[in-house]
Amino acid sequence: MEIDSKTAEIENLQQKMLATDPSIDAKSVGSEPPEPVEEGRLDGWLQVPNKGNIRKHGWKKQFVVLSQKKMIFYNSEKDVSRSDPIMVLDLDKLFHVRAVSQGDVIRADVKDIPRIFQLLYASEAEAKKPDVHAPPTPSLDNAHFLPYKGHEFISITYRMPTTCETCGNSLANMFHPPPAIECRLCHVKAHKEHLDKAEDFVPPCRVNADSQTSKEILLMAQSSDEQDKWLNTIRKKITRKGIQPKDKDSPRSTSSRGGQLGSSTRIAKAATLPAQHAK
C-alpha cells in the first residue's frame with residue numbers, strides 16, 4: 001500500500017509538471033499520457049460508515065485520493081505525505097459506482113442521501129491495513145437463501161419507497177408490504193411472486209459472474225455537488241477499463257445496505273436486511 005501511495009504522489013507531480021510546461025514530453029518524465037483535468041486526480045474528504053448501523057454509529061471522515069489506477073484512503077492529510085494509507089482499491093477491479101436512494105440506506109439520515117454513493121468491487125481489489133481492534137465478522141454462509149441464476153435471494157419486506165426491478169411496481173407498503181426478495185450479492189430487488197411463478201424475471205447475477213466474492217462500500221461527500229464530482233470522475237475511469245457502470249437512475253442499478261468500510265457482501269450482514277434467526 002505504501003508503494004501505491006508513493007506512486008500516486010509521483011503521478012500527481014508528473015501531471016503538475018506537464019500542466020506547467022506543455023512542451024515537456026510525457027515520456028521524458030516517465031508518465032503515461034496525461035488525463036483531462038476533470039478525469040485525472042481527485043482528492044478530498046469523504047465519510048465512511050463507522051460500523052454497520054449508520055444511524056447508531058454514524059460516519060467517520062477519511063481523506064481519499066483518486067489517482068489514475070488507485071483509490072487510496074487515509075486517516076488524515078498528514079498520512080498522505082507519510083505514504084501511510086489504511087486502504088487501497090484497484091480501479092481495474094471496480095464493478096460499478098452509483099448514487100443511492102432512501103430505500104437503499106434506510107438507516108441513514110434523509111438529508112444525507114443526496115451526498116451518499118456506493119462502490120462495488122471485487123474482493124481482490126482491496127488492500128487494507130490490518131485493524132487489530134476490529135471484531136470478528138459474522139458469517140452468512142449458512143444463512144437461508146433462494147438460489148436463482150447465481151443470485152442468492154433473501155426474503156425481505158420494505159416499508160420505505162422501493163421499486164421492483166422486474167415489473168417496476170412498488171415493493172413497499174407501510175402496513176402490508178408485499179413479499180419481496182433481494183439478492184444479498186448484487187442487491188437486485190423484486191416481488192417474490194416472480195420467483196414463485198418461475199418467471200425469467202432477472203438476468204444472471206453479475207456479481208457472482210464477475211467474482212465469487214465482492215465487496216461494497218458507502219461513501220458520503222461533503223455536498224451533493226461533491227458527490228456528483230466523485231461519481232462522474234470514477235465512472236469515467238471505470239468506463240475506460242471496459243466496464244460500463246450502471247446509471248444511477250437505471251432500474252437494474254444495485255443498491256447499498258450501509259455496511260462497514262469495505263465489508264464483504266458475502267460475509268458481512270447488510271445494515272437493512274432483517275436479522276437471520278437460527279432454526
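The values are calculated or read from the model by the stated rules, or taken from the named source; none is laboratory data. Just so it is clear, the structure is predicted and the values come from calculations on it, not from any experiment. All Cβ positions, glycine included, derive from the backbone under ideal geometry; neighbour counts span all protein chains shown. Just the protein is used for accessible areas: all its heavy atoms, side chains included, with ligands, DNA and RNA removed. Shrake-Rupley method; radii C 1.70, N 1.55, O 1.52, S 1.80 Å.
Kindly flag which residue pairs out of 111/192; 51/128; 69/128; 51/93; 60/236; 51/129 have an alpha-carbon separation exceeding 20 Å in this structure. Mind showing how you got there, number by number?
Values: 111/192 31 Å; 51/128 16 Å; 69/128 16 Å; 51/93 24 Å; 60/236 27 Å; 51/129 17 Å.
In this structure, 111/192; 51/93; 60/236 exceed 20 Å between Cα atoms.
Between the DSSP loop rule and a limit of at most 16 other Cβ atoms within 10 Å, which trypsin sites (Lys or Arg not before Pro) in region 147-227 are left? Mind showing how you got there, number by number?
On the way: sites: 149, 159, 184, 189, 192, 197, 206, 215; in loops: 149, 159, 184, 197.
The qualifying sites are 149, 159, 197.
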So the carbon and sulfur contribution to the accessible area of region 57-134, 1.4 Å probe, in percent, is 49 percent
Spelling it out for residue 148: with amide H atoms placed in the peptide plane at 1.01 Å from N, the residues 5 or more places away or on another chain with amide H under 5 Å from its amide H are 153
Sorted by chain and then number, the residues having a modelled amide H within less than 5 Å of the amide H of residue 180, at least 5 places away or on another chain, are 156, 192
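Could you calculate the contour length gain from residue 224 to residue 157, that is, 0.36 nm times the residue separation minus the distance between their Cα atoms, to one decimal place in nm?
On the way: separation 67, 0.36 × 67 = 24.12 nm, distance 2.92 nm.
My answer for the length gained is 21.2 nm.
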Heavy-atom accessible area per residue of region 46-127, all protein chains kept, 1.4 Å probe, expressed in Å², is 38 Å²
